[in-house]
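Accompanying notes for the structure given below.
Derivation of every value follows stated rules applied to the coordinates shown; laboratory data play no part. Predicted model, so just to flag it, every value in this text is computed and none were measured. Cβ sites come from the backbone with ideal geometry, for glycine too, and all protein chains shown count toward neighbours.
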Amino acid sequence: MDLESDNTVEEIIESAASFWSKDPGAYVLKWGRKLLRGGLMISDAGIRDGDTLELIPDPEGGI
Amino acid sequence: MAKPPKIVGEHKKEFRVIPPPPQDMIVHPVDVSKGTFELYLTKTSKDKILEHCNAFADQKLEVMGFLIGDVLRWKNRFFSLVKDVVSTDLKATNISVRFAKEGFEPLFEELDGLNYDYLIVGWYHSHPGLGCFMSKKDIETQKRTFNKPYHMALVVDPLKTEMKAYKLKDEGYVEKKFAVYLETG
């Protein structure tokens, strides 16, 4: 993924979700053992070229 | 203003050609004569699921977690193999459950500790005292996050000692047979 330093986590999730036809609201973003939160910018998170980010499901069960 | 993030490449996991667990390793169901199954669980995984569900059954709290494993191919059929389950702190009632926000990082630590190239092949959750079925919310979750052909949902009622597997079909869902096997090593 091509990113700019002031892209946000929310933008990454939306972009990845759109590419793979997923619902962006149903996932969180994992960076190693860290949960990346919506408004955080790449530059503030410390993410660097080559790092792996993963979309992890955030399921909800209920009656 | 920053340009939006752009996907520049994609790597798709290859589904390896490996036979399913042989019949002499299967401990459930007892009669495997008609079996090809779309879902196989290790006995350890099944026991962990039941232990998790039972731990909160008396309080009638729902629990949930991920089914972790692989998707394999054999004779033009795909099947999911659950080798492990992971969970974390939950936000739960007797009729709802999701991961607690503070539970994600311990969950990620558990995923990173798996040390193999895993797939999240589905999820399990419990319906204490309510029986096994997929509610409207469960189906919505399955459609939003577990919508690949190999994705499964295990629903457990620990008070009625039931466990059933489901996958999406058309606008609803269908029950699927599953097998439990003894892993080696």
Exactly one of A:GLU60, A:GLU10, A:GLU4 is at the interface with chain B (Cβ under 7 Å from one of its Cβ atoms) and farther than 22 Å from B:THR88 by Cβ, and that residue is A:GLU4
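Can you say whether B:LEU72 is closer than 20 Å to B:ASP84 by Cβ and not small (Gly, Ala, Ser), as far as the supplied structure shows?
On the way: closer than 20 Å to B:ASP84 by Cβ: yes; not small (Gly, Ala, Ser): yes.
Yes, satisfied.
For the range B:106-122, check the following and say yes or no: at least one residue is of a type in the set (Asp, Glu) and in contact with a helix residue (DSSP H, G or I) (Cβ under 6 Å, 6 or more places away or on another chain).
No, every residue in the range B:106-122 fails to be of a type in the set (Asp, Glu) and in contact with a helix residue (DSSP H, G or I) (Cβ under 6 Å, 6 or more places away or on another chain).
Go through the residues of the range B:68-75 one by one and say whether even a single one is touching a helix residue (DSSP H, G or I) at 6+ places or on another chain (Cβ under 6 Å) and not in a strand (DSSP E or B). Break it down into steps so the answer makes sense when it comes.
First, pick out the residues of the range B:68-75 that are touching a helix residue (DSSP H, G or I) at 6+ places or on another chain (Cβ under 6 Å): none.
No, the range B:68-75 has no match at all.
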When (1) in contact with a helix residue (DSSP H, G or I) (Cβ under 6 Å, 6 or more places away or on another chain); (2) buried (at least 19 other Cβ atoms within 10 Å of the Cβ) are applied to B:ARG144, the one that fails is (2)
Q: Report yes if B:SER96 is at the interface with chain A (Cβ under 8 Å from one of its Cβ atoms) and of a type in the set (S, T, N, Q), otherwise no.
A: yes
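Does B:THR88 qualify as being of a type in the set (Ser, Thr, Tyr) and assigned to a loop (DSSP other than H, G, I, E, B)? Walk me through how you get there before you give the answer.
Details: of a type in the set (Ser, Thr, Tyr): yes; assigned to a loop (DSSP other than H, G, I, E, B): yes.
Yes.
Is it fair to say A:LEU29 is more than 7 Å from every other protein chain (Cβ to nearest Cβ) and assigned to a strand (DSSP E or B)?
Working: more than 7 Å from every other protein chain (Cβ to nearest Cβ): yes; assigned to a strand (DSSP E or B): yes.
In short, yes.
Residue by residue, here is whether (1) exposed (fewer than 12 other Cβ atoms within 10 Å of the Cβ); (2) not in a loop (DSSP other than H, G, I, E, B) holds:
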| site | (1), (2) |
| --- | --- |
| B:MET1 | yes, no |
| B:VAL8 | yes, no |
| B:LYS12 | yes, no |
| B:PHE15 | no, no |
| B:PRO19 | yes, no |
| B:ASP24 | yes, yes |
| B:ASP31 | yes, no |
| B:PHE37 | no, no |
| B:LEU41 | no, yes |
Residue count, the range B:152-165, condition surrounded by fewer than 22 Cβ atoms within 10 Å (Cβ to Cβ) and under 12 Å from the mean Cα position of the chain (by Cα), comes to 2
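In the range A:38-57, what residues are in contact (Cβ under 8 Å) with a residue 24 or more places away in the chain, out of contact with any helix residue (DSSP H, G or I) (no Cβ under 6 Å at 6 or more places or on another chain) and either part of a loop (DSSP other than H, G, I, E, B) or farther than 21 Å from B:LEU67 by Cα (or both)?
As a first pass, look at the range A:38-57 and keep what is in contact (Cβ under 8 Å) with a residue 24 or more places away in the chain: A:38-43, A:45, A:47, A:53-57.
Okay, now just the ones that are also out of contact with any helix residue (DSSP H, G or I) (no Cβ under 6 Å at 6 or more places or on another chain), so A:39, A:41-43, A:45, A:47, A:53-54, A:56.
Selection gives A:GLY39, A:MET41, A:ILE42, A:SER43, A:ALA45, A:ILE47.
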